[in-house]
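Presented below is the structure to which this report refers.
The values are calculated or read from the model by the stated rules, or taken from the named source; none is laboratory data. Please read these numbers as outputs of a predicted model, since none were measured by experiment. Quick reminder, even Gly has a Cβ in these numbers, built from the backbone with ideal geometry, and neighbours come from all protein chains shown. To get the accessible areas, we keep the full protein, side chains included, count just its heavy atoms, and leave off ligands, DNA and RNA. Shrake-Rupley method; radii C 1.70, N 1.55, O 1.52, S 1.80 Å.
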There are 4 protein chains.
Amino acid sequence: MADQIKCGVVGATGYAGFELARLLRKHPNVSASVLFRRGEHSAATLDEAYPQIMNGQPTPLHAFSWEQVEKEKVDLLFLATPHETSWELVPEGLRRGLKVIDLSGAWRLKDEANRKIYKLVESAVSVATLKQSVYGSPELHGATIRGSKLVANPGCYATSVILALAPFAKNDLIDRHADIVCDCKSGVSGAGKQLSPKTHFVEVAENLSAYSVFGHRHTGEILEQLGISAERLIFTPHLLPIPRGILSTIYVRLKEATAAATVEETLRKFYAGSTSVRIFPHPLLPQIQHSLRTNYCDIGFALGPDGKKLILVSCLDNLIKGAAGQAVQNMNVMYGWAEQEGLN
Amino acid sequence: MADQIKCGVVGATGYAGFELARLLRKHPNVSASVLFRRGEHSAATLDEAYPQIMNGQPTPLHAFSWEQVEKEKVDLLFLATPHETSWELVPEGLRRGLKVIDLSGAWRLKDEANRKIYKLVESAVSVATLKQSVYGSPELHGATIRGSKLVANPGCYATSVILALAPFAKNDLIDRHADIVCDCKSGVSGAGKQLSPKTHFVEVAENLSAYSVFGHRHTGEILEQLGISAERLIFTPHLLPIPRGILSTIYVRLKEATAAATVEETLRKFYAGSTSVRIFPHPLLPQIQHSLRTNYCDIGFALGPDGKKLILVSCLDNLIKGAAGQAVQNMNVMYGWAEQEGLN
Amino acid sequence: MADQIKCGVVGATGYAGFELARLLRKHPNVSASVLFRRGEHSAATLDEAYPQIMNGQPTPLHAFSWEQVEKEKVDLLFLATPHETSWELVPEGLRRGLKVIDLSGAWRLKDEANRKIYKLVESAVSVATLKQSVYGSPELHGATIRGSKLVANPGCYATSVILALAPFAKNDLIDRHADIVCDCKSGVSGAGKQLSPKTHFVEVAENLSAYSVFGHRHTGEILEQLGISAERLIFTPHLLPIPRGILSTIYVRLKEATAAATVEETLRKFYAGSTSVRIFPHPLLPQIQHSLRTNYCDIGFALGPDGKKLILVSCLDNLIKGAAGQAVQNMNVMYGWAEQEGLN
Amino acid sequence: MADQIKCGVVGATGYAGFELARLLRKHPNVSASVLFRRGEHSAATLDEAYPQIMNGQPTPLHAFSWEQVEKEKVDLLFLATPHETSWELVPEGLRRGLKVIDLSGAWRLKDEANRKIYKLVESAVSVATLKQSVYGSPELHGATIRGSKLVANPGCYATSVILALAPFAKNDLIDRHADIVCDCKSGVSGAGKQLSPKTHFVEVAENLSAYSVFGHRHTGEILEQLGISAERLIFTPHLLPIPRGILSTIYVRLKEATAAATVEETLRKFYAGSTSVRIFPHPLLPQIQHSLRTNYCDIGFALGPDGKKLILVSCLDNLIKGAAGQAVQNMNVMYGWAEQEGLN
C-alpha cells in the first residue's frame, strides 16, 4: 500500500492515549506506532498497563525523547498529554517537520481572554504556532484540517455541544435573546487516570455531582466555534457514576416557531455527508449506551408545543468521538483518507 | 404516651411503601401499623419481600379490605398505590372518617387541564374530595396541612424543583421573560418496582437517558405550586444508573443583578424554621450522596458573573424526602408533632 | 471470494443473538444474515431494538418461518433461543439440510441423568439428533466440530470452568479425593433479556447474591466434559452488579506438589495452538475488564505454598466467548476458516 | 443518666472512623466524642469532609494530641488508624488509663508467625500490651471483652468467615481432612479512603478481580479464632464494583452426613442469644443488600445431596459489623450495656 505512515503517541498510558494506540494498531494506513508513556509510569510495555491487549506480542513503551521520534521516523505525532506538556512539545514537533494532533486544550482557543484559563506562558513562538493550529472538528473545518500541520483535537464536552448546536447556530436559527443552557453529564474517564479523591470509587458510585459551574475550560471552545455570546451560554458539567460516555441536554430557543420535521431536516442536511454524526429520527432520543465504543456523535431532539423551545440531546463516547476516535478521524482528513477509516 | 395513633399502609410491598413501613415502625407516636400488600404480591409477611428487616418478629402483610382497616382501628391511612387505586380508595377512606395521606399523583393537581394527564374519571364525589385535598409540602402549606384530612404527598421530582425555586418565586425575584429550565436526574427506584424493559439492569447500567421530555406528570405540580407560566417552564427527567437519589439542576434568571450572599440569604430566610431543607454554603453544591437515606432536601447554587444567571442544585432521596419521609413529615404536621419526629 | 455462506439467526433480539448479528455482519465469509426476532418482540428492524447499530441501512427482522429460511437460502442456522424452542427447531433444520449451531442447552448433554434438568420430551428423532450433536468447545473438540452438522454451543459458566480445568483434568493431574470448588460470578446479561424481579436494576445494583446452588444447569456440562465425579464437583453461581463478564475462581488440589512454572507450562502447552485462550503469566491474574468484548477466555492461577492447592482464575465475556463469539468460532471451525476470523 | 462516657476517635476522617463518629453521636451512653482527623487531612470539621452530616452544628476535628485527649477527659479511645499508628498509640493510651478499641490489625494476632505480615517492631512493651488484648468478637469472647481494657476489633473479611464457621468448628463438626475454601467478595470501602490506582472508579467499575491470594492479612485471624490448620484454609478476597458490603461463600465438609434442619439448628443454637447474627431459614440465602447499613452478620447455607458438602453464605456491611458497628458493640460489652445499644 503506497499510502502508509508512522505515528507516535505521547501519553499512551492514559485513557485517551490507550484508545488511540488501540485504534492506530488496526488502522490500514498506519504501518506502525511508537508509544511513549506518561512521565509517572514505569511500565515497559502497554500490555503491563492494559492486560486486555495481550496477544503474545507485547507493545513496547518508551520514555519520550525527540531522538526516539527521529529514529523511528515518525510522520505524525499524537499528544495525549496535559496541556502544559503539549504547549512545550508542539512547536518543537512542528520545527522538526512533523505533523501534530494534540488532544489537550493547549492549542484550541484563539481568543486571548478564553485562553487565560490554561495559564500558559505565551511567546513569539507560541503566537506563531497558534496561528497554524486548526480546531479539529472535521464536521466544521474539514477543508482546513486537510491542509494543516497542527490540529487541536476538541474537548469531549465541547464536541457534544458544538455538534448539536452548529446546524442551528450556523444557519442563524437561534433566538439570541434567550440563554443557551448546556447541561452535560460525563463518565469518569473524562477526568483522566491520575488519582484524585474525586475519582475514588466510593466517592463516585451511587452519586451525581455538578462541578466547575460557570468555569469549565471547554466553555471557550463552544463560544469560539459557535459565535455565541458568553453572556448567553451556560455550560454545567456533571460527573456520572459510569466509566465512559457523555450525554448533553441542550436547551435553546429558536427564532421562529418551527415544525419538528423541519428541525430534523436542518440537522440531517447539515450532516448530510458526515460519517460520524447520527441524527436520531424524531422523537427518538439517543442514550449513552448507543454510542459507547464508537466514533459517533448521536443527536436527537424534542420540541416544545410552541415550536420554539428546542431540547437537543447529544451523546458520544468521551474517549472515542470525544478524544482518540476524533483524533484518528482528523488524521484521516489530514491525509485525505476515508474519514472513518479504521474507526468502524 | 397520650398521643399515639394507628396507621395503615396500602402498597407496603412497593419501594416507597416499604420505606414508609420502616419509618412508621420506629415512630414514637405510632403504636402500630397494619400493612397491606399490592394486589400482585402474595407474600404473607414484609420480611419475605424484604429480608433486610428480619428480626425474629415477621411483619404480617394483608390483602387490602376496609373490614381489616376497621377491625384494626386505623386512624390514618397511607396510600402507596397507583393513582387509579388512590382515586378509588381516598373518598371511601374519608367517608369512613379516616385521615389519608396519598403518595400517588391522583389528588395533587387542582387545575383541570393539568389533571388530564392522569386520565381519571371525575365525579361529584371526586370534585368534592379534591376540594379537601392539600398539597403536602410542609414547607409551603404547613398551616393548611395541620387541619386537613387529606394530604396529597408531592412527587419526588416536583419536590426537588419546587423547594429550590420557591424562595425566588414567592419573593417575585424571577425574570418572567426567561425560561426556567429544570434538568432533573433520578435513580431507578423512582420508576417503581413493577417490571419494565426500562428498568432491566442491562438497559440502565452504563447508561443515561432523557425521558418524558415535554410530558412528565410532575410538570403540573411545579406550575401550580410556583405560579409559573407553562410557556416558561421546561422540565426534563433523566434516568441515572443508581438505585436512588435525585439531583435537579435548575436554571433561572433573576430580575435584578444580585450578590451571591443575597441569594444565599434569600434561601436561608425562606427555610429559617425548616427541619428538612438544608442550604449549602456558597459555593458548595450538594451531591446525591449527601441526602441519601435522609429526609433532607439539599439546596446549593452558583451565580453567573452577571448576578442574574442563577443555577440551583437540589438533591434529595426520592424514596424519603421524595416520598415516604415527606409523608411521615406530613403526618407529624397533621397531628401537631415535631416536624422531623421519627425521621432522624 | 469463493468461500461465502448465508446465515440465519433465530432470536436476534436477545442479548446473545444481537451480539451474533453484529459479529456476522463484519465476518468476511458471511455474505448475508437473515435475522429472526424472538416471539414476543414486534420490532421490524434490529435497529429499533438496538439503536446503537443505526447506520442508515436498517437491518430487517422477520418472524421465524422455515419458508423464509428456504427463500433466503440459508446455509447455517444459529439458534439463540430458549432450549424448548431449540429442541423443536434443530431436527427440522437438519432435515432440511442446514448446518445448525445452537446456543441453548438443549443439545449439550449426552448423559440422560444430566439432561433431565431441561425437562425436554425425548423421542426417536431427538435421540438420533443428539447422536449427531458435538459439544462446541473448539479447544477440546475442534476436529469433531469440523465435520459436524450440529454444534451445541457451550454455556457461559461452563466454558470458563472447563477451559481452566481441562489442562489438569485431561493430563490427570487432579487429586480425585479432593473437592473441586467452582465459585463463579457473572454479569446480568447472562440471565437474558426477559423481565424478572431478579434483574430489576434496584435488586441487582449495590448487591451480590448466590443462586442455583447445587442445582445449576451448567453443572452437567462440566461433569461430562471433564470426566469429574458429581460427588466431587461444587459449582456456585453468583450474580454481579455489572452488565456482562464472568470471573470463575476455581479451587482444585493437584495430585503432586508442583512448581508454579510447571503449572504455567501445563496451561501454555495445552493451549499452544489456541487463538482464544490467553494464559496470564504467573502471578498475574485476569480480571473481568480484560476480556470484555473479546473472544478470549483468560486464565491465570495462584499456587499454595504446598504446591498442591491450586486456584485458577478464569474470565470471559459471557456474550462473546461465552455465547456469540464462541458460536462464530465454531462456524469458522466447521467451515475450515481461520479460527478467529471475524472475531478480532 | 448515671452511665455516660466520653469517647475519642482517632482517624475520624476515614470511612470506618466516620461511621464510628456517626454511631457514637446517636449512642445514649456517650455524652460526647472528640474527633481526631488523619494526618493528611486538613478539614476543620467533619462536615467539611462529609457534608451529609451537616445539621447546623459542625462537628470539630482536631489534630491528634494526648493533651487534647486528657483535656477532653476521654474515657475510651477508638483508633481507626493504620496498624503502624495503632501500634504506637495503644500502649501509651493504656498507660494513661484509657480503655482502647483498636480497629486496625495491629493487636489482633497472638501467634508470632501470623503477626509477621504486619511487619511491626516488637518490644517488651508491645509484648506486655499484646497479652492484654482481646480479639473483639462479642459472639466468641463476650465474657473476656467485658473485663478488658484493650479490644482488637476484628477484620471485616475475618468477621464474615469466623462467624459462619464458628458453630461448626467449635462443635467439632468439620472434616479436618478436607480444605475449607473461603471465597470472599468485598465492596471498595474495605480498601480505605487513601488513593490508589486500584480504587480509581474506572478500574473498579464493570470489573471483578481477585487479589492477595494466599497472602491476605486476615488469614491469621481466621486460623487463630477457629483453630484451623493453615494447611487446610484457603481464603481468596475479591474486589466488587460496589461501595460497601461483603459476601463470603464458604465451602466446608462436615464429618458426618447431616440433615439441613440439623445444620440450621446448629447455627441457631450457637447464636441463640446473639443480637447481631441473623440465621436465614434454609434454603434462603443472604445477599449483600440485606445487611447494608446494619450491624448484622447474615448467615445462610446450602447442603449437598450427600449431606456433607456444606456451603455457608455470610454477608455483612464491612463498615458496620465489619468495623465501626462491631467496635460500638464491643464498647457496649465492655461497659455492660445492652449489646446492640445505639446500633438499631
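Kindly provide the set of residues from segment D:220-234 that are closer than 21 Å to C:Arg253 by Cβ and open to solvent by 50 Å² or more (accessible area, probe 1.4 Å), ordered by number. I'd like the intermediate steps shown before the answer.
In the first step, residues of segment D:220-234 are kept if they are closer than 21 Å to C:Arg253 by Cβ; the result is D:222-223, D:226, D:228-234.
D:Ser229, D:Ala230, D:Glu231, D:Arg232 - these are the residues of segment D:220-234 that are closer than 21 Å to C:Arg253 by Cβ and open to solvent by 50 Å² or more (accessible area, probe 1.4 Å).
For (1) open to solvent by 10 Å² or more (accessible area, probe 1.4 Å); (2) part of a helix (DSSP H, G or I), each residue gets a yes or a no:
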| position | (1), (2) |
| --- | --- |
| B:Thr13 | no, no |
| B:Pro28 | yes, no |
| B:Val34 | no, no |
| B:Gly39 | yes, no |
| B:Pro58 | yes, no |
| B:Glu67 | yes, yes |
| B:Phe78 | no, no |
| B:Thr81 | yes, no |
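Please count how many residues of segment D:309-334 are touching a strand residue (DSSP E or B) at 6+ places or on another chain (Cβ under 7 Å) and either buried (at least 24 other Cβ atoms within 10 Å of the Cβ) or not in a helix (DSSP H, G or I) (or both). Don't jump to the end; show me each part of the working.
As a first pass, look at segment D:309-334 and keep what is touching a strand residue (DSSP E or B) at 6+ places or on another chain (Cβ under 7 Å): D:309-316, D:318, D:321-322, D:327, D:330-331, D:334.
Then drop every residue that is not either buried (at least 24 other Cβ atoms within 10 Å of the Cβ) or not in a helix (DSSP H, G or I) (or both), which leaves D:309-316, D:318, D:321-322, D:327, D:330-331.
Matching residues across segment D:309-334 total 14.
Just to be sure, is B:Val9 under 20 Å from the mean Cα position of the chain (by Cα), β-branched (Val, Ile, Thr), open to solvent by less than 20 Å² (accessible area, probe 1.4 Å) and not assigned by TED's automatic domain parsing to the domain that holds B:Lys193? Steps first, please.
Values: under 20 Å from the mean Cα position of the chain (by Cα): yes; β-branched (Val, Ile, Thr): yes; open to solvent by less than 20 Å² (accessible area, probe 1.4 Å): yes; not assigned by TED's automatic domain parsing to the domain that holds B:Lys193: yes.
Judged against the criteria, B:Val9 is a match.
Sort out which residues of segment C:115-153 are among the hydrophobic types (A, V, I, L, M, F, W, C) and free of Cβ contacts under 8 Å to residues at least 40 places away in the same chain, and write them in order of number.
C:Leu120, C:Val121, C:Ala124, C:Val125, C:Val127, C:Ala128, C:Leu130, C:Val134, C:Ala143
Hey, could you check segment B:179-203 for residues that are out of contact with any strand residue (DSSP E or B) (no Cβ under 8 Å at 6 or more places or on another chain) and open to solvent by 10 Å² or more (accessible area, probe 1.4 Å) and say which is nearest to the other protein chains (Cβ to nearest Cβ)? Please lay out each step first, then the result.
Start the filter on segment B:179-203 by keeping residues that are out of contact with any strand residue (DSSP E or B) (no Cβ under 8 Å at 6 or more places or on another chain), which leaves B:189, B:192, B:194, B:196-197, B:202-203.
Subsequent filtering for residues that are open to solvent by 10 Å² or more (accessible area, probe 1.4 Å) retains B:192, B:194, B:196-197, B:202-203.
Numbers: B:Gly192: 9, B:Gln194: 9, B:Ser196: 7, B:Pro197: 7, B:Val202: 5, B:Glu203: 8 Å.
The selected residue is B:Val202.
Using the structure shown, decide if A:Thr219 is closer than 24 Å to A:Lys119 by Cβ, under 22 Å from the mean Cα position of the chain (by Cα), more than 8 Å from chain B (Cβ to nearest Cβ) and β-branched (Val, Ile, Thr).
Numbers: closer than 24 Å to A:Lys119 by Cβ: yes; under 22 Å from the mean Cα position of the chain (by Cα): yes; more than 8 Å from chain B (Cβ to nearest Cβ): yes; β-branched (Val, Ile, Thr): yes.
Considered against the rule, which asks whether it is closer than 24 Å to A:Lys119 by Cβ, under 22 Å from the mean Cα position of the chain (by Cα), more than 8 Å from chain B (Cβ to nearest Cβ) and β-branched (Val, Ile, Thr), A:Thr219 comes out as yes.
How about segment C:224-244: which of its residues are within 11 Å of chain D (Cβ to nearest Cβ) and either among the hydroxyl-bearing types (Ser, Thr, Tyr) or out of contact with any strand residue (DSSP E or B) (no Cβ under 7 Å at 6 or more places or on another chain) (or both)? Can you show your working first?
Quick first cut of segment C:224-244, residues within 11 Å of chain D (Cβ to nearest Cβ) only: C:230-244.
Residues satisfying the conditions are C:Ala230, C:Glu231, C:Thr236, C:Pro241, C:Ile242, C:Pro243, C:Arg244.
Looking at segment A:278-324, which of its residues are more than 12 Å from chain B (Cβ to nearest Cβ) and not aliphatic (A, V, I, L, M)?
Once the filter is applied, which keeps residues that are more than 12 Å from chain B (Cβ to nearest Cβ) and not aliphatic (A, V, I, L, M), segment A:278-324 yields A:Arg278, A:Pro281, A:Thr294, A:Asn295, A:Tyr296, A:Cys297, A:Asn318, A:Lys321, A:Gly322.
Which one of B:Leu46, B:Leu35 is closer than 30 Å to D:Tyr271 by Cβ and in contact with a His (Cβ under 8 Å, 6 or more places away or on another chain)? Write out each step before concluding.
Numbers: B:Leu46 fails: in contact with a His (Cβ under 8 Å, 6 or more places away or on another chain).
Checking each option against the conditions leaves just B:Leu35.
What is the number of the single condition among (1) surrounded by fewer than 16 Cβ atoms within 10 Å (Cβ to Cβ); (2) at pLDDT 95 or above; (3) of a type in the set (D, E, K, R) that A:Asp3 does not meet?
(2) is the only condition that A:Asp3 fails.
If you go through segment A:162-178 one residue at a time, how many are farther than 19 Å from B:Thr249 by Cβ and open to solvent by less than 50 Å² (accessible area, probe 1.4 Å)? Walk me through it before giving the result.
From segment A:162-178, those farther than 19 Å from B:Thr249 by Cβ are A:162-163, A:166-177; that's our starting set.
Now narrow it down to the ones that are open to solvent by less than 50 Å² (accessible area, probe 1.4 Å): A:162-163, A:166-169, A:174-175.
Result for segment A:162-178: 8.
When A:Thr236 is evaluated against the numbered criteria (1) within 27 Å of A:Phe270 (Cα to Cα); (2) assigned by TED's automatic domain parsing to the domain that holds A:Val263; (3) part of a helix (DSSP H, G or I), which criterion, by number, is the only one it fails?
The single condition A:Thr236 does not satisfy is (3).
What about A:Gly142, is it more than 14 Å from chain B (Cβ to nearest Cβ) and either open to solvent by 30 Å² or more (accessible area, probe 1.4 Å) or in a helix (DSSP H, G or I) (or both)? Outline the logic, then answer.
Working: more than 14 Å from chain B (Cβ to nearest Cβ): yes; either open to solvent by 30 Å² or more (accessible area, probe 1.4 Å) or in a helix (DSSP H, G or I) (or both): yes.
Yes; evaluated as a whole, the condition is true for this residue.
When you scan segment A:202-210, do you find a residue that is touching a residue at least 60 places away in the same chain (Cβ under 8 Å) and in a loop (DSSP other than H, G, I, E, B), even just one?
Kept after step one, since they are touching a residue at least 60 places away in the same chain (Cβ under 8 Å), are these residues of segment A:202-210: none.
No: zero hits.
Since D:Phe214 meets every condition but one in (1) surrounded by fewer than 23 Cβ atoms within 10 Å (Cβ to Cβ); (2) over 16 Å from the mean Cα position of the chain (by Cα); (3) under 27 Å from D:Asn344 (Cβ atoms); (4) within 10 Å of chain C (Cβ to nearest Cβ), which condition does it not meet?
Failed condition: (3).
Restrict the check to segment C:122-130 and report whether at least one residue is closer than 23 Å to C:Ser33 by Cβ, part of a helix (DSSP H, G or I) and not β-branched (Val, Ile, Thr).
Here is the first cut: in segment C:122-130, the residues closer than 23 Å to C:Ser33 by Cβ are none.
Taking every residue of segment C:122-130 in turn, none turns out to be closer than 23 Å to C:Ser33 by Cβ, part of a helix (DSSP H, G or I) and not β-branched (Val, Ile, Thr).
Looking only at segment C:186-203, filter to residues that are of a type in the set (A, V, I, L, M, F, W, C) and more than 27 Å from C:Cys297 (Cα to Cα); which one of those is nearest to the chain's Cα centre (by Cα)? Give the derivation first.
So in segment C:186-203, the residues of a type in the set (A, V, I, L, M, F, W, C) come out as C:188, C:191, C:195, C:201-202.
Then drop every residue that is not more than 27 Å from C:Cys297 (Cα to Cα), which leaves C:195, C:201-202.
Values: C:Leu195: 22, C:Phe201: 25, C:Val202: 28 Å.
So the residue we want is C:Leu195.
Suppose the filter is touching a residue at least 24 places away in the same chain (Cβ under 8 Å), surrounded by fewer than 18 Cβ atoms within 10 Å (Cβ to Cβ) and part of a loop (DSSP other than H, G, I, E, B); does B:Ala106 pass it?
Details: touching a residue at least 24 places away in the same chain (Cβ under 8 Å): yes; surrounded by fewer than 18 Cβ atoms within 10 Å (Cβ to Cβ): no; part of a loop (DSSP other than H, G, I, E, B): yes.
Judged against the criteria, B:Ala106 is not a match.
Collect the residues in segment C:246-273 that are within 30 Å of D:Pro241 (Cα to Cα), within 20 Å of the chain's Cα centre (by Cα) and not hydrophobic (A, V, I, L, M, F, W, C), keeping them in residue-number order.
Result: C:Ser248, C:Thr249.
Can you work out which of the residues in segment B:76-94 that are of a type outside the set (A, V, I, L, M, F, W, C) and in contact with a helix residue (DSSP H, G or I) (Cβ under 9 Å, 6 or more places away or on another chain) is nearest to B:Gln132 (Cα to Cα)? Full working, then the answer.
Filtering segment B:76-94 down to residues of a type outside the set (A, V, I, L, M, F, W, C) leaves B:81-86, B:88, B:91-93.
So of that shortlist, the ones also in contact with a helix residue (DSSP H, G or I) (Cβ under 9 Å, 6 or more places away or on another chain) come out as B:81, B:83-84, B:91-93.
Working: B:Thr81: 20, B:His83: 17, B:Glu84: 18, B:Pro91: 10, B:Glu92: 13, B:Gly93: 13 Å.
Looking at the filtered set, the residue picked out is B:Pro91.
Got a sec? Which of A:Val90, A:Val151 is under 13 Å from the mean Cα position of the chain (by Cα) and surrounded by 23 or more Cβ atoms within 10 Å (Cβ to Cβ)?
Working: A:Val90 fails: under 13 Å from the mean Cα position of the chain (by Cα).
From the options A:Val90, A:Val151, the qualifying one is A:Val151.
Can you pull out every residue in segment A:298-308 that is charged (D, E, K, R), in contact with a helix residue (DSSP H, G or I) (Cβ under 9 Å, 6 or more places away or on another chain) and surrounded by fewer than 23 Cβ atoms within 10 Å (Cβ to Cβ)? Before the answer, list the steps.
First, the residues of segment A:298-308 that are charged (D, E, K, R): A:298, A:306, A:308.
Subset that is in contact with a helix residue (DSSP H, G or I) (Cβ under 9 Å, 6 or more places away or on another chain): A:298, A:306.
Within segment A:298-308, A:Asp306 is the sole residue that qualifies.
Kindly indicate whether any position in segment C:250-273 is among the charged types (D, E, K, R), under 23 Å from B:Val204 (Cβ atoms), at the interface with another protein chain (Cβ under 10 Å from one of its Cβ atoms) and open to solvent by 10 Å² or more (accessible area, probe 1.4 Å).
Taking segment C:250-273 as the starting set, the residues that turn out to be among the charged types (D, E, K, R) are C:253, C:255-256, C:264-265, C:268-269.
If we keep only those that are under 23 Å from B:Val204 (Cβ atoms) too, we end up with none.
No, segment C:250-273 contains no residue that is among the charged types (D, E, K, R), under 23 Å from B:Val204 (Cβ atoms), at the interface with another protein chain (Cβ under 10 Å from one of its Cβ atoms) and open to solvent by 10 Å² or more (accessible area, probe 1.4 Å).
Here is a yes/no grid of residues against (1) part of a loop (DSSP other than H, G, I, E, B); (2) of a type in the set (Gly, Ala, Ser); (3) touching a strand residue (DSSP E or B) at 6+ places or on another chain (Cβ under 7 Å); (4) more than 12 Å from A:Gln52 (Cα to Cα):
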residue: C:Val252; (1), (2), (3), (4): no, no, yes, yes
residue: C:Ala261; (1), (2), (3), (4): no, yes, no, yes
residue: C:Glu265; (1), (2), (3), (4): no, no, no, yes
residue: C:Lys269; (1), (2), (3), (4): no, no, no, yes
residue: C:Gly273; (1), (2), (3), (4): yes, yes, no, yes
residue: C:Pro283; (1), (2), (3), (4): yes, no, yes, yes
residue: C:His290; (1), (2), (3), (4): no, no, yes, no
residue: C:Gly300; (1), (2), (3), (4): no, yes, yes, yes
